Amino acid sequence: MSSGRNILVLYRVSNSDSDNSTPNYNCFNMPYGSGPTLSRVKQHCGAAHALNVLGPEGYHWRVLVEDKVGEAGERSYSWWDIQDGNAKLPVKQCSQQDVRRLLHPGKSVITGTDSASKAAKGAFKMMGKMAESVVGGEVESTGPPVAVITFKLVDLVKLQDDLDKRGPPPARQPRARPAPRPRATPAPKPRAQAPAAAGGRPRARPQQAAQRAPAGRRPQAQEASLLDFGATPAAPTTGNFNPKVLHHTHSAPPAPVNETRAQRLKREQEQKMKNSNRVWDDVDQRWVEAKPKTPAPGVPAAKPKAKVVGVKLDGSSAVGKSANVQAGVNKRVNEMKEAQQKALEEVREREAKKKRDEEEEDVVRKQLEPKIKAWAEEHGKKKQIRALLATLHTILWPGAKWKQVSIGDLLDDKKVKRAFHRATLVVHPDKTHDLPPDQRFLAKRIFDALSQAKTDFDNGK
(Lines give C-alpha, C1' and ligand atoms only; values in the text may rest on other atoms or scores of the structure.)
Protein backbone atom coordinates (compact mmCIF):
# COMPACT_ATOMS: atom_id res chain seq x y z
CA MET A 1 0.00 0.00 0.00
CA SER A 2 1.35 3.43 -0.82
CA SER A 3 1.95 6.04 1.85
CA GLY A 4 -0.80 8.28 0.37
CA ARG A 5 -3.65 5.90 1.29
CA ASN A 6 -5.67 6.11 4.50
CA ILE A 7 -6.74 3.53 7.06
CA LEU A 8 -10.22 3.18 8.51
CA VAL A 9 -9.82 2.58 12.26
CA LEU A 10 -12.82 0.97 14.00
CA TYR A 11 -13.00 0.75 17.79
CA ARG A 12 -15.42 0.43 20.66
CA VAL A 13 -15.06 0.50 24.46
CA SER A 14 -16.23 -2.79 25.91
CA ASN A 15 -17.10 -1.43 29.37
CA SER A 16 -18.77 1.77 28.13
CA ASP A 17 -22.53 2.07 28.60
CA SER A 18 -22.96 4.07 25.40
CA ASP A 19 -20.94 1.63 23.27
CA ASN A 20 -22.71 -1.42 24.71
CA SER A 21 -26.13 0.04 23.92
CA THR A 22 -25.52 -0.20 20.17
CA PRO A 23 -23.69 -2.75 17.98
CA ASN A 24 -22.06 0.00 15.93
CA TYR A 25 -18.36 0.85 16.09
CA ASN A 26 -16.67 4.23 16.43
CA CYS A 27 -14.35 5.08 13.56
CA PHE A 28 -11.85 7.63 12.25
CA ASN A 29 -9.37 7.93 9.39
CA MET A 30 -5.60 8.13 9.70
CA PRO A 31 -2.82 8.21 7.09
CA TYR A 32 -1.09 4.93 6.34
CA GLY A 33 2.42 6.45 6.47
CA SER A 34 5.13 3.86 7.13
CA GLY A 35 2.61 1.43 8.61
CA PRO A 36 0.02 1.43 11.41
CA THR A 37 1.34 1.13 14.96
CA LEU A 38 -0.39 1.52 18.31
CA SER A 39 1.55 4.71 19.03
CA ARG A 40 0.32 6.35 15.79
CA VAL A 41 -3.24 5.17 16.39
CA LYS A 42 -3.19 6.77 19.85
CA GLN A 43 -1.94 10.04 18.36
CA HIS A 44 -4.81 10.23 15.81
CA CYS A 45 -7.58 9.08 18.17
CA GLY A 46 -9.04 12.45 19.19
CA ALA A 47 -11.93 10.92 21.15
CA ALA A 48 -9.55 9.07 23.47
CA HIS A 49 -7.78 12.36 24.28
CA ALA A 50 -11.07 14.10 25.06
CA LEU A 51 -13.05 11.42 26.93
CA ASN A 52 -10.40 10.02 29.31
CA VAL A 53 -8.38 12.03 31.81
CA LEU A 54 -5.33 9.92 30.99
CA GLY A 55 -5.86 10.17 27.25
CA PRO A 56 -5.18 7.06 25.12
CA GLU A 57 -3.00 5.63 27.92
CA GLY A 58 -6.13 5.30 30.03
CA TYR A 59 -7.37 2.46 27.80
CA HIS A 60 -6.22 -1.10 27.32
CA TRP A 61 -6.05 -1.79 23.57
CA ARG A 62 -6.68 -5.09 21.79
CA VAL A 63 -6.49 -5.58 18.05
CA LEU A 64 -8.65 -7.85 15.91
CA VAL A 65 -6.64 -10.64 14.22
CA GLU A 66 -7.93 -13.01 11.55
CA ASP A 67 -7.44 -16.69 12.34
CA LYS A 68 -7.04 -19.58 9.94
CA VAL A 69 -9.76 -20.25 7.39
CA GLY A 70 -11.84 -23.31 8.31
CA GLU A 71 -12.47 -26.34 6.14
CA ALA A 72 -15.84 -25.00 5.05
CA GLY A 73 -14.30 -21.67 4.06
CA GLU A 74 -15.59 -19.71 7.08
CA ARG A 75 -13.30 -17.21 8.80
CA SER A 76 -12.92 -16.58 12.52
CA TYR A 77 -11.43 -13.66 14.40
CA SER A 78 -9.90 -13.15 17.85
CA TRP A 79 -8.64 -10.26 19.97
CA TRP A 80 -4.94 -9.96 20.81
CA ASP A 81 -3.04 -7.81 23.29
CA ILE A 82 -0.34 -5.47 21.95
CA GLN A 83 3.04 -5.65 23.73
CA ASP A 84 5.11 -3.24 21.60
CA GLY A 85 3.64 0.16 20.78
CA ASN A 86 5.96 0.58 17.75
CA ALA A 87 5.23 -2.80 16.13
CA LYS A 88 3.32 -3.02 12.87
CA LEU A 89 -0.33 -4.00 13.35
CA PRO A 90 -2.38 -6.27 11.06
CA VAL A 91 -4.42 -4.42 8.44
CA LYS A 92 -7.25 -6.17 6.63
CA GLN A 93 -8.15 -5.30 3.04
CA CYS A 94 -11.88 -5.82 2.81
CA SER A 95 -14.90 -4.59 0.92
CA GLN A 96 -18.12 -3.18 2.29
CA GLN A 97 -19.62 -6.64 2.66
CA ASP A 98 -16.47 -7.87 4.44
CA VAL A 99 -16.68 -4.96 6.87
CA ARG A 100 -20.32 -5.80 7.47
CA ARG A 101 -19.51 -9.49 8.04
CA LEU A 102 -16.58 -8.54 10.29
CA LEU A 103 -18.60 -6.24 12.55
CA HIS A 104 -21.75 -8.36 12.64
CA PRO A 105 -20.77 -12.04 12.41
CA GLY A 106 -23.59 -14.53 12.15
CA LYS A 107 -26.24 -11.88 11.35
CA SER A 108 -28.81 -12.56 8.63
CA VAL A 109 -28.78 -10.58 5.42
CA ILE A 110 -30.76 -7.39 5.77
CA THR A 111 -33.71 -6.91 3.49
CA GLY A 112 -35.70 -3.78 2.81
CA THR A 113 -39.05 -4.99 4.20
CA ASP A 114 -39.19 -3.03 7.47
CA SER A 115 -37.97 0.19 9.03
CA ALA A 116 -35.14 -1.51 10.97
CA SER A 117 -33.70 -2.98 7.82
CA LYS A 118 -33.91 0.41 6.10
CA ALA A 119 -31.96 2.01 8.93
CA ALA A 120 -29.28 -0.67 8.69
CA LYS A 121 -29.04 -0.20 4.93
CA GLY A 122 -28.64 3.52 5.44
CA ALA A 123 -25.81 2.94 7.93
CA PHE A 124 -23.95 0.68 5.51
CA LYS A 125 -24.54 3.16 2.71
CA MET A 126 -22.85 5.83 4.86
CA MET A 127 -19.95 3.44 5.51
CA GLY A 128 -19.67 2.88 1.78
CA LYS A 129 -19.35 6.62 1.23
CA MET A 130 -16.61 6.77 3.85
CA ALA A 131 -14.77 3.90 2.18
CA GLU A 132 -15.15 5.74 -1.14
CA SER A 133 -13.47 8.82 0.34
CA VAL A 134 -10.62 6.62 1.64
CA VAL A 135 -9.86 4.76 -1.59
CA GLY A 136 -10.73 7.66 -3.91
CA GLY A 137 -13.03 5.64 -6.19
CA GLU A 138 -16.63 4.68 -6.62
CA VAL A 139 -18.12 2.02 -4.35
CA GLU A 140 -19.64 -0.94 -6.05
CA SER A 141 -22.22 -3.26 -4.59
CA THR A 142 -19.50 -5.48 -3.18
CA GLY A 143 -17.39 -2.50 -2.09
CA PRO A 144 -13.86 -1.49 -3.11
CA PRO A 145 -10.91 -2.73 -1.03
CA VAL A 146 -10.63 -0.72 2.17
CA ALA A 147 -7.76 -0.86 4.68
CA VAL A 148 -9.48 -1.58 8.01
CA ILE A 149 -8.03 -2.15 11.47
CA THR A 150 -10.31 -2.89 14.43
CA PHE A 151 -9.69 -2.39 18.15
CA LYS A 152 -11.53 -3.25 21.35
CA LEU A 153 -10.75 -0.98 24.30
CA VAL A 154 -11.19 -1.25 28.06
CA ASP A 155 -11.57 2.00 30.01
CA LEU A 156 -9.14 1.45 32.91
CA VAL A 157 -10.30 4.56 34.79
CA LYS A 158 -13.94 3.43 34.72
CA LEU A 159 -12.90 -0.08 35.66
CA GLN A 160 -11.03 1.23 38.71
CA ASP A 161 -14.00 3.43 39.69
CA ASP A 162 -16.35 0.45 39.48
CA LEU A 163 -14.05 -1.59 41.70
CA ASP A 164 -13.83 1.24 44.23
CA LYS A 165 -17.63 1.53 44.35
CA ARG A 166 -18.06 -2.17 44.99
CA GLY A 167 -15.65 -2.10 47.91
CA PRO A 168 -13.69 -5.09 49.22
CA PRO A 169 -15.30 -8.50 48.75
CA PRO A 170 -17.15 -9.82 51.82
CA ALA A 171 -15.30 -12.28 53.97
CA ARG A 172 -16.29 -15.86 53.46
CA GLN A 173 -17.95 -17.53 56.42
CA PRO A 174 -16.49 -20.91 57.29
CA ARG A 175 -18.90 -23.71 56.59
CA ALA A 176 -19.91 -25.89 59.48
CA ARG A 177 -18.79 -29.44 59.04
CA PRO A 178 -21.30 -32.17 59.83
CA ALA A 179 -20.64 -34.19 62.93
CA PRO A 180 -19.19 -37.62 62.16
CA ARG A 181 -21.65 -40.45 62.43
CA PRO A 182 -20.89 -43.03 65.09
CA ARG A 183 -19.66 -46.29 63.70
CA ALA A 184 -20.82 -49.58 65.04
CA THR A 185 -17.99 -51.57 66.56
CA PRO A 186 -18.17 -55.15 65.27
CA ALA A 187 -17.86 -57.95 67.76
CA PRO A 188 -14.42 -59.57 67.85
CA LYS A 189 -14.25 -62.79 65.91
CA PRO A 190 -12.94 -65.85 67.64
CA ARG A 191 -9.45 -66.94 66.64
CA ALA A 192 -10.71 -70.28 65.55
CA GLN A 193 -12.56 -68.66 62.69
CA ALA A 194 -9.48 -66.78 61.35
CA PRO A 195 -8.57 -69.36 58.68
CA ALA A 196 -12.09 -69.10 57.28
CA ALA A 197 -11.35 -65.47 56.24
CA ALA A 198 -8.26 -66.35 54.26
CA GLY A 199 -9.84 -65.06 51.11
CA GLY A 200 -9.28 -61.48 52.34
CA ARG A 201 -11.36 -58.94 54.20
CA PRO A 202 -14.24 -57.61 52.08
CA ARG A 203 -13.58 -54.09 50.94
CA ALA A 204 -16.06 -51.27 51.09
CA ARG A 205 -17.95 -50.53 47.90
CA PRO A 206 -17.30 -47.27 46.03
CA GLN A 207 -20.83 -46.11 46.87
CA GLN A 208 -20.15 -46.55 50.57
CA ALA A 209 -16.81 -44.72 50.29
CA ALA A 210 -18.50 -41.84 48.57
CA GLN A 211 -21.10 -41.67 51.36
CA ARG A 212 -18.36 -41.47 54.02
CA ALA A 213 -16.72 -38.47 52.27
CA PRO A 214 -17.44 -35.18 54.13
CA ALA A 215 -20.39 -33.41 52.63
CA GLY A 216 -20.32 -29.77 51.70
CA ARG A 217 -16.86 -29.79 50.08
CA ARG A 218 -17.24 -28.81 46.47
CA PRO A 219 -14.61 -27.53 44.02
CA GLN A 220 -14.49 -23.77 44.08
CA ALA A 221 -15.50 -22.10 40.83
CA GLN A 222 -12.73 -20.09 39.20
CA GLU A 223 -13.46 -16.39 39.18
CA ALA A 224 -13.77 -14.88 35.72
CA SER A 225 -11.36 -12.11 34.72
CA LEU A 226 -12.85 -8.68 34.14
CA LEU A 227 -10.71 -8.21 31.05
CA ASP A 228 -11.61 -11.54 29.40
CA PHE A 229 -12.88 -11.16 25.81
CA GLY A 230 -13.29 -14.80 24.89
CA ALA A 231 -11.48 -18.06 24.37
CA THR A 232 -7.75 -18.16 23.70
CA PRO A 233 -7.25 -18.25 19.90
CA ALA A 234 -4.66 -20.10 17.91
CA ALA A 235 -1.63 -18.23 16.63
CA PRO A 236 -2.40 -16.65 13.25
CA THR A 237 -0.32 -17.64 10.28
CA THR A 238 -1.50 -14.99 7.79
CA GLY A 239 -1.31 -11.23 7.67
CA ASN A 240 1.42 -8.59 7.49
CA PHE A 241 2.24 -8.45 11.19
CA ASN A 242 4.72 -10.03 13.59
CA PRO A 243 3.06 -12.51 16.02
CA LYS A 244 5.92 -12.14 18.50
CA VAL A 245 4.76 -8.68 19.51
CA LEU A 246 1.19 -9.83 20.30
CA HIS A 247 0.19 -11.66 23.43
CA HIS A 248 -3.23 -13.16 24.08
CA THR A 249 -3.98 -13.42 27.78
CA HIS A 250 -6.90 -13.47 30.17
CA SER A 251 -5.03 -11.70 32.97
CA ALA A 252 -4.80 -7.99 33.70
CA PRO A 253 -3.29 -5.89 30.89
CA PRO A 254 0.45 -5.17 31.15
CA ALA A 255 1.82 -1.67 31.46
CA PRO A 256 2.15 0.06 28.06
CA VAL A 257 5.69 -0.22 26.73
CA ASN A 258 6.63 2.31 24.02
CA GLU A 259 10.38 1.83 24.37
CA THR A 260 12.34 1.33 21.17
CA ARG A 261 15.24 -1.08 20.80
CA ALA A 262 17.80 1.74 20.85
CA GLN A 263 16.30 3.16 24.05
CA ARG A 264 16.26 -0.27 25.67
CA LEU A 265 19.93 -0.91 24.78
CA LYS A 266 20.90 2.52 26.08
CA ARG A 267 19.06 1.93 29.37
CA GLU A 268 20.67 -1.51 29.83
CA GLN A 269 24.14 -0.06 29.11
CA GLU A 270 23.64 2.74 31.65
CA GLN A 271 22.50 0.24 34.25
CA LYS A 272 25.50 -1.99 33.51
CA MET A 273 27.92 0.94 33.79
CA LYS A 274 26.30 1.96 37.07
CA ASN A 275 26.59 -1.50 38.63
CA SER A 276 30.04 -2.38 37.25
CA ASN A 277 33.23 -1.94 39.29
CA ARG A 278 35.36 0.36 37.15
CA VAL A 279 38.80 1.81 37.92
CA TRP A 280 40.97 4.30 36.04
CA ASP A 281 43.99 2.79 34.25
CA ASP A 282 46.88 5.30 34.30
CA VAL A 283 48.80 3.37 31.61
CA ASP A 284 46.01 3.12 29.00
CA GLN A 285 44.34 6.34 30.18
CA ARG A 286 40.84 4.84 30.21
CA TRP A 287 38.28 3.22 32.50
CA VAL A 288 38.58 -0.55 32.85
CA GLU A 289 36.38 -3.00 34.68
CA ALA A 290 38.12 -4.45 37.71
CA LYS A 291 37.56 -8.15 38.21
CA PRO A 292 36.89 -9.34 41.76
CA LYS A 293 39.88 -10.98 43.36
CA THR A 294 39.28 -14.72 43.70
CA PRO A 295 41.64 -17.00 45.63
CA ALA A 296 43.66 -19.59 43.71
CA PRO A 297 42.31 -23.15 43.61
CA GLY A 298 43.15 -24.98 46.82
CA VAL A 299 44.02 -21.78 48.69
CA PRO A 300 41.54 -20.86 51.42
CA ALA A 301 40.04 -17.41 51.23
CA ALA A 302 41.55 -14.85 53.57
CA LYS A 303 39.40 -14.02 56.54
CA PRO A 304 38.36 -10.39 56.91
CA LYS A 305 40.39 -8.51 59.45
CA ALA A 306 38.61 -7.82 62.68
CA LYS A 307 38.13 -4.18 63.46
CA VAL A 308 40.32 -3.12 66.38
CA VAL A 309 38.53 -0.84 68.77
CA GLY A 310 40.78 1.04 71.18
CA VAL A 311 40.03 1.85 74.78
CA LYS A 312 38.40 5.23 75.18
CA LEU A 313 39.78 7.29 78.02
CA ASP A 314 38.25 10.64 78.95
CA GLY A 315 36.82 12.45 81.94
CA SER A 316 33.66 10.35 81.92
CA SER A 317 35.70 7.23 82.70
CA ALA A 318 36.32 8.50 86.25
CA VAL A 319 32.69 9.14 87.13
CA GLY A 320 31.74 7.35 90.33
CA LYS A 321 35.39 6.59 91.24
CA SER A 322 37.39 7.73 94.22
CA ALA A 323 39.21 11.05 94.35
CA ASN A 324 42.63 9.44 93.72
CA VAL A 325 41.33 7.53 90.69
CA GLN A 326 39.69 10.65 89.26
CA ALA A 327 42.91 12.64 89.69
CA GLY A 328 44.94 9.92 87.97
CA VAL A 329 42.50 9.64 85.07
CA ASN A 330 42.38 13.40 84.55
CA LYS A 331 46.18 13.59 84.62
CA ARG A 332 46.46 10.83 82.05
CA VAL A 333 43.86 12.49 79.83
CA ASN A 334 45.78 15.80 79.94
CA GLU A 335 49.04 14.03 79.07
CA MET A 336 47.40 12.33 76.11
CA LYS A 337 46.02 15.63 74.82
CA GLU A 338 49.44 17.29 75.11
CA ALA A 339 51.11 14.37 73.29
CA GLN A 340 48.53 14.52 70.52
CA GLN A 341 49.00 18.26 70.12
CA LYS A 342 52.79 17.88 70.06
CA ALA A 343 52.62 15.12 67.42
CA LEU A 344 50.26 17.23 65.31
CA GLU A 345 52.65 20.19 65.46
CA GLU A 346 55.57 17.97 64.44
CA VAL A 347 53.66 16.66 61.43
CA ARG A 348 52.73 20.18 60.37
CA GLU A 349 56.33 21.30 60.79
CA ARG A 350 57.62 18.43 58.65
CA GLU A 351 55.10 19.19 55.93
CA ALA A 352 56.03 22.86 55.96
CA LYS A 353 59.76 22.04 55.82
CA LYS A 354 59.17 19.64 52.95
CA LYS A 355 57.28 22.32 51.06
CA ARG A 356 60.06 24.87 51.65
CA ASP A 357 62.69 22.39 50.46
CA GLU A 358 60.73 21.73 47.27
CA GLU A 359 60.44 25.44 46.58
CA GLU A 360 64.17 25.95 47.16
CA GLU A 361 64.94 22.96 44.96
CA ASP A 362 62.92 24.49 42.14
CA VAL A 363 64.92 27.69 42.38
CA VAL A 364 68.20 25.78 42.46
CA ARG A 365 67.16 23.60 39.51
CA LYS A 366 66.73 26.64 37.30
CA GLN A 367 70.22 27.85 38.25
CA LEU A 368 72.21 24.58 38.06
CA GLU A 369 70.40 22.76 35.25
CA PRO A 370 72.62 24.18 32.42
CA LYS A 371 75.82 23.39 34.37
CA ILE A 372 74.77 19.78 35.08
CA LYS A 373 73.67 19.21 31.48
CA ALA A 374 77.03 20.48 30.12
CA TRP A 375 78.91 18.08 32.44
CA ALA A 376 76.73 14.99 31.83
CA GLU A 377 76.10 15.32 28.06
CA GLU A 378 78.06 16.11 24.93
CA HIS A 379 76.24 17.12 21.74
CA GLY A 380 72.98 15.73 23.16
CA LYS A 381 74.50 12.31 23.97
CA LYS A 382 75.24 11.09 27.49
CA LYS A 383 78.90 10.70 28.39
CA GLN A 384 80.50 7.45 29.51
CA ILE A 385 81.42 6.79 33.11
CA ARG A 386 85.18 7.33 32.54
CA ALA A 387 84.57 10.86 31.19
CA LEU A 388 82.20 11.68 34.08
CA LEU A 389 84.65 10.50 36.75
CA ALA A 390 87.61 12.30 35.12
CA THR A 391 85.68 15.62 35.11
CA LEU A 392 83.84 15.20 38.40
CA HIS A 393 86.10 17.74 40.16
CA THR A 394 84.87 20.48 37.80
CA ILE A 395 81.27 20.31 38.98
CA LEU A 396 81.56 19.42 42.67
CA TRP A 397 81.13 22.15 45.28
CA PRO A 398 84.16 23.52 47.11
CA GLY A 399 85.17 21.44 50.11
CA ALA A 400 83.89 18.12 48.70
CA LYS A 401 86.01 15.13 49.79
CA TRP A 402 86.99 14.02 46.30
CA LYS A 403 90.47 13.36 44.85
CA GLN A 404 90.83 14.17 41.18
CA VAL A 405 91.47 11.23 38.81
CA SER A 406 92.58 11.23 35.17
CA ILE A 407 91.58 9.18 32.16
CA GLY A 408 94.82 7.19 32.41
CA ASP A 409 93.89 6.05 35.92
CA LEU A 410 90.54 4.72 34.62
CA LEU A 411 91.74 2.49 31.77
CA ASP A 412 91.34 -0.65 33.89
CA ASP A 413 87.75 -1.75 34.59
CA LYS A 414 88.50 -2.54 38.22
CA LYS A 415 89.83 0.98 38.78
CA VAL A 416 86.66 2.36 37.21
CA LYS A 417 84.53 0.48 39.72
CA ARG A 418 86.67 1.63 42.67
CA ALA A 419 86.48 5.24 41.52
CA PHE A 420 82.69 4.96 41.13
CA HIS A 421 82.29 3.66 44.70
CA ARG A 422 84.46 6.52 46.05
CA ALA A 423 82.31 9.03 44.13
CA THR A 424 79.06 7.58 45.53
CA LEU A 425 80.36 8.11 49.07
CA VAL A 426 80.49 11.83 48.26
CA VAL A 427 77.25 12.39 46.35
CA HIS A 428 74.92 9.66 47.70
CA PRO A 429 71.60 11.16 49.00
CA ASP A 430 72.11 9.51 52.41
CA LYS A 431 75.38 11.44 52.80
CA THR A 432 74.04 14.89 51.85
CA HIS A 433 71.27 15.57 54.40
CA ASP A 434 73.16 18.37 56.12
CA LEU A 435 74.25 20.22 52.97
CA PRO A 436 72.59 23.41 51.67
CA PRO A 437 69.77 23.05 49.12
CA ASP A 438 71.95 23.87 46.09
CA GLN A 439 74.68 21.39 47.04
CA ARG A 440 72.08 18.71 47.94
CA PHE A 441 70.36 19.11 44.56
CA LEU A 442 73.73 19.04 42.72
CA ALA A 443 74.79 15.87 44.55
CA LYS A 444 71.47 14.19 43.69
CA ARG A 445 71.77 14.92 39.97
CA ILE A 446 75.46 13.82 39.90
CA PHE A 447 74.53 10.55 41.60
CA ASP A 448 71.76 9.89 39.05
CA ALA A 449 74.11 10.53 36.11
CA LEU A 450 76.88 8.28 37.55
CA SER A 451 74.37 5.48 38.30
CA GLN A 452 73.00 5.53 34.75
CA ALA A 453 76.50 5.54 33.26
CA LYS A 454 77.56 2.64 35.56
CA THR A 455 74.56 0.60 34.38
CA ASP A 456 75.54 1.16 30.73
CA PHE A 457 79.14 0.25 31.57
CA ASP A 458 78.06 -3.05 33.17
CA ASN A 459 75.88 -3.87 30.16
CA GLY A 460 78.86 -3.39 27.82
CA LYS A 461 77.57 -0.37 25.92
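The values are calculated or read from the model by the stated rules, or taken from the named source; none is laboratory data. All values reported here derive from a predicted model rather than from experimental measurement. Please note: Cβ atoms are built from the backbone with ideal geometry, for glycine as well, and neighbour counts cover all protein chains shown. Areas reflect the complete protein model, heavy atoms only, side chains present, ligands, DNA and RNA absent. Shrake-Rupley method; radii C 1.70, N 1.55, O 1.52, S 1.80 Å.
Given contacts defined as C-alpha pairs under 8 Å and at least six residues apart, what's the relative contact order of the range 380-461, whole-number percent?
Relative contact order here is 33 percent.
Explain nothing, just the number: dipole magnitude of the range 294-448 about its Cα centre with +1 on each Lys and Arg Cβ and -1 on each Asp and Glu Cβ, in debye rounded to the nearest 20.
In total the dipole reaches around 520 debye.
Packing-wise, with mean Cβ within 10 Å as the measure, how do 409-415, 42-48, 283-289 rank, highest first?
Taking the mean over residues of other Cβ atoms within 10 Å, the ranking is 42-48, 409-415, 283-289.
Over the range 412-454, what is the mean sequence separation of C-alpha contacts under 8 Å (at least six apart), divided by residue count, expressed as relative contact order in percent?
The value is 37 percent.
Here are some pairs, Lys354/Lys414; Lys331/Lys353; Lys353/Lys403; Lys354/Lys401; Lys354/Lys403; which of them have Cα atoms lying more than 31 Å apart in this structure?
Violating the 31 Å Cα-Cα cut-off are Lys354/Lys414; Lys331/Lys353; Lys353/Lys403; Lys354/Lys403.
Straight distance only, please: which aspartates and glutamates reach the Cα of Lys152 with their own Cα at less than 16 Å, same-chain residues fewer than 8 apart left out?
Reachable aspartates and glutamates: Asp17, Asp19, Glu57, Glu66, Asp81, Asp228.
Pairs to check: Lys366/Lys444; Lys383/Lys431; Lys371/Lys415. Give those whose C-alpha atoms are more than 21 Å from each other in this structure.
Going by Cα-Cα distance, Lys383/Lys431; Lys371/Lys415 fall outside the 21 Å limit.
Per 0.36 nm of contour for each residue apart, how much would the distance between Arg264 and Arg356 grow if the chain were fully extended, relative to their Cα-Cα spacing?
That works out to 27.4 nm of additional length.
I want to check the label-to-label distance for Asp458 and Ser18. Put each point 7 Å from Cα in the C-beta direction and report it in nm to one decimal.
9.7 nm
Could you state the principal axis extents of the C-alpha atoms in the range 354-413, from the largest down, to the nearest angstrom?
Largest to smallest, the principal-axis extents are 45, 30, 17 Å.
With Cβ to Cβ distances under 12 Å as the rule, what net charge do the other residues near Leu442 carry (K, R +1; D, E -1)?
That works out to +1.
Write down the accessible area per residue of the range 252-410 in Å², having rolled a 1.4 Å probe over the full set of protein chains.
86 Å²
Given a 1.4 Å probe and heavy atoms of the protein chains only, how would you sort Met273, Met30, largest accessible area at the top?
Met273, Met30
Kindly state, as a whole number, the per residue volume in cubic angstrom of the convex hull around the alpha carbon atoms of the range 393-450.
Cα-based convex hull of the range 393-450, divided per residue, equals 81 Å³.
Mind checking which of Met336, Leu313, Gly298 is farthest towards the positive end of the range 279-386's charge dipole, using Cβ charges of +1 (Lys, Arg) and -1 (Asp, Glu) about the Cα centre?
About the Cα centre, the residue reaching furthest to the positive side is Gly298.
Add +1 for every Lys or Arg and -1 for every Asp or Glu among the other residues with Cβ under 13 Å from the Cβ of Gly33, and state the total.
+3
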